[in-house]
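Remarks on the structure that follows.
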Amino acid sequence: MSAPALRLARLTLSQFRSYPGLTWRPAGRIAELHGGNGSGKTNLLEAISLLVPGRGLRGAKVADLPRHGSGEGWAVAGRFATPQGEIDVGTGSPPDGPPDRRVFRLDGQAPRSQSEIAAHVSAVWLTPQMDRLFQEGASGRRRFLDRLVYALEPGHAREVAAHDTAMAQRNRLLAAGRADPAWLAALEDTMARHAVAATAARAGLVARLNATLASGAADPFPAARLSLSCQIAERLAAGTALDAEDWLRGALAQSRPRDAAAGSAGLGAHRADMGLADATTGLGAAQASTGQQKSLLIGVVLGHAALLAAARGFAPLLLLDEPAVHLDASRRTALFAALLRLPAQAFLTGTDADTFAPLRGHAEGMAVADGGLLPDERFPLPSA
């Protein structure tokens, strides 16, 4: 196993979820966390996920993050080894601010934007909730795709946020019914510029990831093929970015009455959807079994890690919550073998330590219980 270029060296929690306080120094490139339901395994993965831009793997509200009944602010901090050297990233309640606000720190200072953090640290995750990704609405699939894009293009978050802010302002003006046309036109111009930039980044990621998956980066998992369903993407494929912006500005202006009645914009970056299919059989994820969907998603995550390692010099942290669920024995073995080959730090959870028996001698094993971690002697590290 080669050493990952990005590695979480220390994780510190204070009044976070089920943890009054914890400091953990992951000793292995792969860590398996086992314990009963409600023991705090997912809370640990969530803490790590909050050290990269976004709302974490649960998408939770800030008010839900402090330990229940603590009455105190919460904090999560991580020390990372990166290709540029060690950095410290922290997030939590502001010392003197409202408890429903969250702040970031990079080496003790407030970053100018979260993109500064994304330039150094990235993470991708799979959770049991994603088993329903292709039975529910497009928003979950869009968020999944955007996380893949963020890791490769940290500025993508700004484009999406700027589009959504302008759209929300336009929605409010249309709802009021007395909006200045020039004001609406300015907001629609902002929406168009940022929507086209966000769509171009999404389309670029889809193309690059499909090429990586086609090269066998996710073997032995099935080669997946992603697609982007979006009218803006269709315009970009047929012409220039300026053409797409002009079209979207005009379409938004024409749709004002309809959008006012609907209370939402019918066109924009928020209408995109991600498709996923088996590249060999053509079977779409929506028609596949739960186990087949899980295999396709794992393949995407592994391929994305390989793509990011080649493009940026480091693979993202892999946060896999209950990854063995819905996988048969051969697929579980394939997953562990793939993680051993990939130069990425991975964190896996499960209720039964025996699930991870093939990783003995390669992974750090930790039992999770009562707000703490205990080393499992059945998982000696290679250096032991």
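The values are calculated or read from the model by the stated rules, or taken from the named source; none is laboratory data. As the structure is a computational prediction, the values presented were derived from the model and not from experiment. Note that we place each Cβ from the backbone using ideal geometry, even for glycine, and neighbour counts take in every protein chain shown.
Checked against the criterion of being farther than 22 Å from Gln345 by Cα and in contact with a Pro (Cβ under 6 Å, 6 or more places away or on another chain), the candidates Ala157, Ala119 yield just one match: Ala157.
Checking Arg7, Arg29, Arg25 one by one, the residue that is within 19 Å of Ala305 (Cα to Cα) and modelled with pLDDT of 95 or more is Arg7 and no other. Go through the stretch 1-108 and tell me which strands (runs of 3 or more DSSP E), entirely inside it, have 3 or more residues that are of a type in the set (S, T, N, Q) and in contact (Cβ under 8 Å) with a residue 60 or more places away in the chain. Those strands (runs of 3 or more DSSP E) span 7-16.
For the stretch 331-384, which residues satisfy the criterion of being in a loop (DSSP other than H, G, I, E, B), crowded, with 18+ Cβ neighbours inside 10 Å and hydrophobic (A, V, I, L, M, F, W, C)? Of everything in the stretch 331-384, those that are in a loop (DSSP other than H, G, I, E, B), crowded, with 18+ Cβ neighbours inside 10 Å and hydrophobic (A, V, I, L, M, F, W, C) turn out to be Leu342, Ala344, Ala363, Phe379.
Return yes when Ser227 is of a type outside the set (A, V, I, L, M) and under 21 Å from Lys294 (Cα atoms) and no when it is not. Here the answer is yes, as Ser227 does meet what is asked.
Please work out if Ala309 is of a type in the set (A, V, I, L, M), touching a Pro at 6+ places or on another chain (Cβ under 7 Å) and part of a helix (DSSP H, G or I). Here the answer is yes, as Ala309 does meet what is asked. Applying the criterion of being modelled with pLDDT under 90 and among the acidic types (Asp, Glu) to the residues of the stretch 123-152, the residue that is surrounded by the most Cβ atoms within 10 Å (Cβ to Cβ) is Asp131. Can you find, within the stretch 190-204, the residue that is surrounded by the most Cβ atoms within 10 Å (Cβ to Cβ) among those that are farther than 18 Å from Gly275 by Cβ and of a type outside the set (A, V, I, L, M, F, W, C)? Only one residue tops the list, namely His194. Is at least one residue of the stretch 97-117 crowded, with 21+ Cβ neighbours inside 10 Å and among the acidic types (Asp, Glu)? The answer is no, given that none of the residues of the stretch 97-117 is crowded, with 21+ Cβ neighbours inside 10 Å and among the acidic types (Asp, Glu). When residues in the stretch 220-234 are screened for being more than 26 Å from Val196 (Cα to Cα) and either buried (at least 17 other Cβ atoms within 10 Å of the Cβ) or free of Cβ contacts under 8 Å to residues at least 40 places away in the same chain (or both), 3 of them pass.
Residues in the stretch 337-362 that are within 18 Å of Pro128 (Cα to Cα) and under 22 Å from the mean Cα position of the chain (by Cα): Ala346, Phe347, Leu348, Thr349, Gly350.
Only one of the numbered conditions (1) over 30 Å from the mean Cα position of the chain (by Cα); (2) under 21 Å from Ala138 (Cα atoms) is not met by Ala233, and that is (1).
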